[in-house]
């Protein structure tokens, strides 16, 4: 049995269907979640090891590429994952199209700002630790 019988007559005529953006969104959210499991474990272990440590010690820790790269990946994955999750909430609970578009844009801009500020702080800390 084919899926074609589930399409509306208009969709059959136009040859249009789902843009498949929902599936892509689903996979991006799952991939970032899987990536965040080891990165979060690394992050928590690193954070606990440096609780109460002087700023210079933390900067020296992140000046090593073996520590700066996982932190950068954690920042990337967590901000993108956050943005995807907030996008779903906005799409599900805001029904006014103008408000929805504004909030979706704000969500994406906020995620970019948080990611950029975090990456900048990491680079600044890594360079000051040498």
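Every number in this text was worked out from the coordinates using simple rules, so none of it is lab data. These figures come from a predicted structure and were not determined experimentally. Glycine gets a Cβ as well: all are built from the backbone with ideal geometry, and neighbour counts include every protein chain shown.
Before moving on, here are some points about what is shown:
- Among 105, 31, 82, sorting on how many other beta-carbon atoms sit within 10 Å of each Cβ, with the fewest leading, yields 105, 31, 82.
- Sorted by Cβ density within 10 Å, fewest first, the residues 34, 66, 86: 66, 34, 86
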